[in-house]
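Peer 1: One structure is given below, represented as structure tokens, and several questions about it will come after.
The values are calculated or read from the model by the stated rules, or taken from the named source; none is laboratory data. Every value quoted in this text rests on a predicted model; they were computed, and no experiment measured them. We place every Cβ from the backbone using ideal geometry, glycine too, and count neighbours over all the protein chains shown. Just the protein is used for accessible areas: all its heavy atoms, side chains included, with ligands, DNA and RNA removed. Shrake-Rupley method; radii C 1.70, N 1.55, O 1.52, S 1.80 Å.
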Amino acid sequence: LGNKFLSHIRETQAIVIVLRVFKNPEIIHVEGAPDPIRDMEIINAELILKDLETIEKRLSGLENEKKSGDKKAEKNLEVLDKIRGELGAGNLATKYAKEEIVRELQLLTAKKQIYLLNGTEFEVPIELLEKIKELGADYVIADLSLASAIPELIKKSYEVLGLISFLTTGEDETRAWTIEKGTLAPQAAGVIHTDFDKNFIRAEVVNWKKLVEAKGWVQAKQKGLVRVEGKDYEVKDGDVIVVRHG
């Protein structure tokens, strides 16, 4: 894949892997004929080899730190040794994703994966879906020649990363803000402006569909659709919020 490319994806939280499933003989495949399972194995083998290289480089430093009595280094050595065994067996390191040393090294095989299957549902082999499931990954089936593929990928990416959107609206603009699922109202308000978090009083909230159906904020209030929520409110996907702050 190339060291430069791999270094770019180190800082991502998830990797989207495009696999060709469509059969059009007029479009040449670099490996000859399309075979998405083979392609998946080639890509993951590249990621595994890169991670093994990263681990080997770090292990020598950790050995020296362990000799000086560093307990943290001892634990990190144990974790990396287990991961090296997994990678050597051809497995990904996803189950170690939360380990501190894995986050520090930004291991590629520990990142969440989304497989973008380029083609139609009828062209996707059942065996491929089973392999993806075995890896604990997710997938989207989409024809990349169509623009409609992108919204599906965005939705799946948000789902895999545990992200949602809430909205603010006014005369000038309506804007979506991205937060992690489970974020409380003050911290969500802090995404807009840090002062909103520190000086949060309350939030007026309505679901965007109900707001559109009511044809406006005033009408939604008159119909009793707008709720007043406090500091313990967990923001939901699609909430439209007016933040009241000091």
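Peer 1: Taking into account only those residues within segment 203-225 that are without any contact (Cβ under 8 Å) to a residue 40 or more places away in the chain and of a type in the set (Gly, Ala, Ser), which is farthest from residue 187 (Cα to Cα)?
Peer 2: Once the filter is applied, the top-ranked residue is 214.
Peer 1: Kindly list the number of the only condition in (1) over 23 Å from residue 158 (Cβ atoms); (2) under 29 Å from the mean Cα position of the chain (by Cα) that fails for residue 214.
Peer 2: With (1) over 23 Å from residue 158 (Cβ atoms); (2) under 29 Å from the mean Cα position of the chain (by Cα) applied to residue 214, the lone miss is (2).
Peer 1: Being over 19 Å from residue 163 (Cβ atoms) and open to solvent by 90 Å² or more (accessible area, probe 1.4 Å) is the filter; apply it to segment 228-243 and report the residue that is farthest from the chain's Cα centre (by Cα).
Peer 2: My answer is 228.
Peer 1: How many residues are part of a helix (DSSP H, G or I) and either touching a His at 6+ places or on another chain (Cβ under 7 Å) or open to solvent by less than 70 Å² (accessible area, probe 1.4 Å) (or both) when one looks only at segment 126-147?
Peer 2: Taking segment 126-147 and keeping what is part of a helix (DSSP H, G or I), we get 126-134.
Subsequent filtering for residues that are either touching a His at 6+ places or on another chain (Cβ under 7 Å) or open to solvent by less than 70 Å² (accessible area, probe 1.4 Å) (or both) retains 128-129, 132.
The number of residues fulfilling the criteria is 3.
Peer 1: Here's another thing I want to ask about it. Condition (residue is under 30 Å from residue 141 (Cα atoms) and either open to solvent by 60 Å² or more (accessible area, probe 1.4 Å) or among the charged types (D, E, K, R) (or both)) applied to segment 197-208: is it met by at least one residue?
Peer 2: yes
Peer 1: For segment 175-196, what are the residues that are open to solvent by 50 Å² or more (accessible area, probe 1.4 Å) and touching a residue at least 12 places away in the same chain (Cβ under 8 Å)?
Peer 2: If the condition is that a residue be open to solvent by 50 Å² or more (accessible area, probe 1.4 Å) and touching a residue at least 12 places away in the same chain (Cβ under 8 Å), then 178, 180, 181, 184, 191, 195 are the ones that fit.
Peer 1: Is it fair to say residue 102 is part of a helix (DSSP H, G or I), within 26 Å of residue 158 (Cβ to Cβ) and either open to solvent by 60 Å² or more (accessible area, probe 1.4 Å) or at pLDDT 90 or above (or both)?
Peer 2: yes
Peer 1: Is it true that residue 150 is open to solvent by less than 50 Å² (accessible area, probe 1.4 Å), assigned to a helix (DSSP H, G or I) and at negative phi? Quick ask: steps written out before the conclusion?
Peer 2: Details: open to solvent by less than 50 Å² (accessible area, probe 1.4 Å): no; assigned to a helix (DSSP H, G or I): yes; at negative phi: yes.
Judged against the criteria, residue 150 is not a match.
Peer 1: Just to check your reading of the model, which residue among 117, 80, 107, 87 is open to solvent by less than 20 Å² (accessible area, probe 1.4 Å), touching a strand residue (DSSP E or B) at 6+ places or on another chain (Cβ under 7 Å) and either of a type in the set (Asp, Glu) or touching a residue at least 12 places away in the same chain (Cβ under 8 Å) (or both)? Reasoning before the result, please.
Peer 2: On the way: 80 fails: touching a strand residue (DSSP E or B) at 6+ places or on another chain (Cβ under 7 Å); 107 fails: touching a strand residue (DSSP E or B) at 6+ places or on another chain (Cβ under 7 Å); 87 fails: touching a strand residue (DSSP E or B) at 6+ places or on another chain (Cβ under 7 Å).
After applying the criteria, what remains is 117.
Peer 1: Now for a separate question. Applying the selection to segment 26-59, what residues are assigned to a helix (DSSP H, G or I), open to solvent by 40 Å² or more (accessible area, probe 1.4 Å) and of a type in the set (D, E, K, R)?
Peer 2: Within segment 26-59, 38, 41, 46, 53, 56, 57, 58 qualify.
Peer 1: Being open to solvent by 20 Å² or more (accessible area, probe 1.4 Å) and assigned to a helix (DSSP H, G or I) is the filter here, so list the residues in segment 60-75 that pass it.
Peer 2: 60, 61, 63, 64, 65, 66, 67, 71, 72, 74, 75
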